[in-house]
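See below for the structure under consideration.
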Amino acid sequence: MLTIKRLVAVLLIAIFIAGFSGISYALNSPGVVQNHGVITGMLVSDYGLKLSGEYGLSPKLALIGTMGDPISRLGAKYEINNNFALLGGVTENSPFIGINGSHKINNDITGVYELNLSERRSDLSLMYELGLKINLDTKVDLRAGILGLIEDDHYHFHTLEVGVGYKF
C-alpha cells in the first residue's frame, strides 16, 4: 500500500520530470532525512512563482527538483554532513554540479547557500543563492534570499526571492 509520503514523492517526481528546463533554487539546507521531504513555494521578483521539492531516498541521498521561473532543475543531493552537501543533475539539457551549505545562527534561524556550475547555451554558468531560513514551527518556515546567475559576459541576473517551506 502506498503511504501519503510516497504518494507525494511520486507526484513531485512526475511534476519535475514534466516541467524541468533549467536551474533554480529554494534555499534548502543540506541535511537529508530518509522518507521525509520539503516542499517550498517561492515568489521570485520579476519572474513569478517557483515550486521546489526534496525527498530523502536514504539517510544521505535525496531527490531534488524545481520548476518555475527563472529556471528549473532535476537532480540529487548527497549529504556529507548536516552543514554541507554535494549536488548534481540536469538543467536545460546540460548537467550541473554544485554544493549546498548552511550555518545555524540560532535555534530558529539558519543561513543557507548554494553554488552550481553548469554549461547553459554553450557557456559556463555559475548559479548562486544566499539567504535565510526562519522556523515558524517544526514543519513550517519562512525563506528569503538572493538568487543569481553569471554567464560569460552576456547574461547576468540577480533577484530577490521570498517564500514558505513545509516539511513532511
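The values are calculated or read from the model by the stated rules, or taken from the named source; none is laboratory data. As the structure is a computational prediction, the values presented were derived from the model and not from experiment. Every residue, glycine among them, receives a Cβ derived from its backbone with ideal geometry; neighbour counts consider all protein chains shown. Note: areas computed on protein heavy atoms with side chains; ligands, DNA, RNA excluded. Shrake-Rupley method; radii C 1.70, N 1.55, O 1.52, S 1.80 Å.
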Number of positions in the range 43-95 that are within 22 Å of residue 158 (Cα to Cα) and acidic (Asp, Glu): 3
First in the range 90-104 and farther than 14 Å from residue 76 by Cα, second anywhere and open to solvent by 10 Å² or more (accessible area, probe 1.4 Å) and not polar (S, T, N, Q), Cβ under 6 Å, 6 or more apart: 94/119; 101/84; 101/113; 103/111
Selection count where residues are open to solvent by less than 60 Å² (accessible area, probe 1.4 Å) and among the aromatic types (Phe, Trp, Tyr), scope the range 30-55: 1
Failed condition for residue 119, given (1) more than 14 Å from the chain's Cα centre (by Cα); (2) under 19 Å from residue 82 (Cβ atoms): (2)
Residue 92 charged (D, E, K, R), modelled with pLDDT under 95 and under 21 Å from residue 47 (Cα atoms): yes
Near pairs, Cβ below 6 angstrom, 6+ apart or cross-chain, from the range 133-162 (in contact (Cβ under 8 Å) with a residue 60 or more places away in the chain and among the aromatic types (Phe, Trp, Tyr)) to any residue that is open to solvent by less than 90 Å² (accessible area, probe 1.4 Å) and in a strand (DSSP E or B): 157/149
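Residue under question is residue 57, and the condition is that it be at pLDDT 95 or above and in contact with an Asp or Glu (Cβ under 9 Å, 6 or more places away or on another chain); does it hold?
no
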Elements of type strands (runs of 3 or more DSSP E) contained in the range 56-168, each with 2 or more residues being among the aliphatic types (A, V, I, L, M), open to solvent by less than 40 Å² (accessible area, probe 1.4 Å) and under 17 Å from residue 31 (Cβ atoms): 61-68, 84-91
